[in-house]
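Worksheet for the structure shown next.
The values are calculated or read from the model by the stated rules, or taken from the named source; none is laboratory data. Predicted model only: the values in this text are computed from it and were never measured. Here the Cβ positions follow ideal geometry from the backbone for every residue, glycine too, while neighbour counts run over all protein chains shown. When the accessible area is computed, the model is the full protein with side chains, heavy atoms only, and any ligands, DNA or RNA have been set aside. Shrake-Rupley method; radii C 1.70, N 1.55, O 1.52, S 1.80 Å.
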Amino acid sequence: MKKAIIIFCWLAAGFGSISGQTFSIDTISDEVFQRMKGKSYGSDCSVPRSELRYLRLSHYGGDGKIHDGELVCNKMIANDLKEIFQVLFKNKYPIERMRLIDDYDADDERSMTDNNTSCFNFRTIAGSKKLSKHSLGLAIDINPLYNPCVKQSKNGGTIVQPASARRYANRKKRWPYKITKGDLCYRLFVEHGFKWGGEWRSLKDYQHFER
């Protein structure tokens, strides 16, 4: 009985692994912070470390196997992300890769090109001086290579980010990892109060969900 109570309390606190599945929420340990320091968490970062949370989230990859992913996000959305990814996992929704963006030296282009799902990265919006929602840990990019950011340039051309995702800018075609209005990923994030970049008017950021 005592052992059962200990396990229950451990899981209730937001940690634990059940049958090889891990869905945990923790503060930013010194070890994780050292990975972030000077990268996603630069010297100019104005977000207190105490406002961030480190998540371990099991997910199915495109290979059909279970993988152990990791994210850093704002504590305000930590429980939401945990609940969303638990449902995605239950339904075997494919997330190809989920590593801290610091493994890419906080380089968004590299991370997106590798189809890496990520959240916190203290930076400005590309082409502006305004802080991105990623800077607050309140935005997440899901399978970004197959769900690129698409916008029109001033000269009438089309800018696609990541650059290697131009073939996926045409949303009329079908392919794995594609996020569409109404699919499970979209529904879960919207139900949890997130807005989808694929519904924006000025540009279409199909990978992006933000609170």
By how many nm would the segment from Lys154 to Asp30 grow when fully extended, if each residue of separation counts as 0.36 nm and the alpha-carbon distance is taken off?
-> 40.2 nm
Dividing the mean separation of Cα pairs under 8 Å (6+ apart) by the residue count of the range 168-211 yields a relative contact order in percent of 26 percent
First select every other residue whose beta carbon is under 13 angstrom from the beta carbon of Lys129; then total the charges, Lys and Arg +1, Asp and Glu -1.
-> +1
Scoring only Lys, Arg, Asp and Glu (+1, +1, -1, -1) among other residues with Cβ under 14 Å from the Cβ of Trp196 yields +3
When only the heavy atoms of the protein chains count and the probe is 1.4 Å, how do Lys154, Lys92 rank by accessible area, highest first?
-> Lys154, Lys92
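First measure r as the distance between the Cβ atoms of His67 and Leu131, then evaluate 1/(1 + (r/R0)^6) with R0 = 30 Å and state the FRET efficiency to the nearest 0.05.
0.45
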Note down the relative contact order for the chain as a percent, whole number, built from C-alpha pairs under 8 angstrom at least six residues apart.
-> 15 percent
Just need the relative contact order of the range 27-134 here, percent rounded to a whole number, with Cα pairs under 8 Å and 6+ apart.
-> 25 percent
Projecting the Cα atoms of Asn74, Asn155, Ile84 onto the charge dipole of the range 67-179, where Lys and Arg contribute +1 and Asp and Glu -1 at Cβ, the residue farthest towards the positive end is Asn155
With every protein chain present, what accessible area does Thr27 have (1.4 Å probe, heavy atoms only), rounded to the nearest 10 Å²?
-> 80 Å²
Accessible area in square angstrom per residue, the range 114-210, 1.4 angstrom probe | 51 Å²
Residues with amide H under 5 Å from that of Asn116, placed H, sequence gap 5 or more = Leu145
Would you look at the GNM of the chain, springs on alpha carbons closer than 10 Å, and say which of Pro144, Pro48, Pro162 moves the most?
-> Pro48
Please give, to one decimal in nm, the separation of the simple spin-label points placed at Ser50 and Lys181, each 7 Å out from Cα toward the Cβ.
-> 4.2 nm
What's the percent breakdown of Cα-Cα distances in the chain across 5 Å bins, shortest bin first?
-> 1, 7, 15, 20, 20, 17, 10, 5, 3, 1, 1, 0, 0, 0
Carbon + sulfur, % of accessible area of the chain - ligands and nucleic acids excluded, 1.4 Å | 52 percent
Rounded to whole angstroms and listed largest first, the alpha-carbon spread of the range 99-165 along its three principal axes comes to 34, 25, 18
Computed label-point distance, nm, for sites Asn170 and Glu191 using a 7 Å Cα→Cβ extension | 3.4 nm
